[in-house]
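The values are calculated or read from the model by the stated rules, or taken from the named source; none is laboratory data. Remember, it's a predicted structure, so these values are computed and weren't measured experimentally. Every residue, glycine among them, receives a Cβ derived from its backbone with ideal geometry; neighbour counts consider all protein chains shown. Only protein heavy atoms, including side chains, enter the accessible area calculation; ligands, DNA and RNA are left aside. Shrake-Rupley method; radii C 1.70, N 1.55, O 1.52, S 1.80 Å.
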Amino acid sequence: MTDTVERAEQRWAAAEARALDVLALPAPRRFSVARATALLVLPAALVLVVGLVFPPDSTGRWAIAWTGLVAYTAVLVASLVLAARDRRRGRVSPPVTDVLLPREQDALRRVIRERERAPEDRLDVVRATALQRVRTASTVLPAAIVTIGAAAALVAGDLWALNAGWAVVGLGSGAISIRSASTAQRYLAHEAE
């Protein structure tokens, strides 16, 4: 065996060990695309719809914008603190794919997207990676970015386009997270059949 084959086997063995830890955990609840999309879009839509009822530069519009800004900044900070606490206490499993090279991670992504089939000895790593995607899928951060951007755009005057741009970035990030989790869930469902 050459050195690179040996190293690849070591990486996959380390990924397999992590995968077995992930597979031993209870299965995550079913990921709902509709619920995740609603959590991503509805708060910002609510802030915009209610805020636009009031005339520009009115107290009502400023109150709605500040309510959205403060509420979702608090949600953002709380979610970051909880994530850091969970990571520090070891409640979050390290990603299975961290020990693999980028090309090996790309191969896993292609299998999860059902563009390729995985060898039998790699199936646990693929399943664990898909489970982690479903388990860690969250729209809290993107929803906070979307809502904060929408609230700021509501009262930003000439800078509304910049703040709306932040909202669009948050929407894109949330859409990618939702797509990744739903693709992983679909792969797991097909594997279970």
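Quick check on the range 37-78: take the gyration tensor over C-alpha atoms, sort the square-rooted eigenvalues as a ≥ b ≥ c, and tell me if it's rounded (a/c under 1.5), prolate or oblate. Verdict is oblate for the range 37-78.
Shape class for the range 139-193: prolate, because the ratio a/c of the largest to smallest gyration tensor axis (alpha-carbon atoms, square roots of eigenvalues) is 1.5 or more and a/b beats b/c. Quick note on the range 4-82: its Rg to Rh ratio, both from C-alpha atoms and Rh being the Kirkwood radius, is 1.33.
3J(HN,Hα) along the range 136-143, derived from phi through the Karplus expression 6.51 cos²θ - 1.76 cosθ + 1.60 where θ = phi - 60°, amounts to 9, 5, 8, 10, 5, 5, x, 5 Hz, with x in place of Gly and Pro. Counting protein heavy atoms only, the chain has 63 percent of its accessible area on carbon and sulfur, 1.4 angstrom probe. The magnitude of the dipole of the chain, with charges of +1 and -1 set on the Cβ of Lys/Arg and Asp/Glu and taken from the Cα centre, is near 440 debye. Taking label positions 7 Å along the Cα-Cβ direction at both Ala189 and Arg113, the computed distance is 2.0 nm, reported to one decimal. For Val70 and Asp106, the difference between the fully extended length at 0.36 nm per residue and the C-alpha to C-alpha distance is 9.1 nm. Under the combined filter of DSSP loop state and at most 14 neighbouring Cβ atoms within 10 Å, the range 116-168 retains these trypsin sites (Lys or Arg not before Pro): Arg117.
Assuming R0 = 45 Å, can you tell me the calculated FRET efficiency for the pair Ser79 and Arg7, based on Cβ-Cβ distance, to the nearest 0.05?
Values: r = 37 Å, r/R0 = 0.83.
The formula returns an efficiency of 0.75 here.
For the pair Leu25 and Val92, the difference between a 0.36 nm per residue extended length and the Cα-Cα distance amounts to 23.0 nm.
For the chain, with every protein chain kept in place, what is the accessible area per residue (1.4 Å probe, Å²)? Please list the in-between numbers first.
Values: 11650 Å² over 193 residues.
So the chain comes to 60 Å² accessible per residue, rounded to a whole number.
For the range 26-168, taking the reciprocal of the average inverse distance between every pair of different Cα atoms yields a Kirkwood hydrodynamic radius of 17.8 Å.
Taking the longest Cα principal axis of the chain as reference, the axis of helix 33-53 is set at about 10 degrees.
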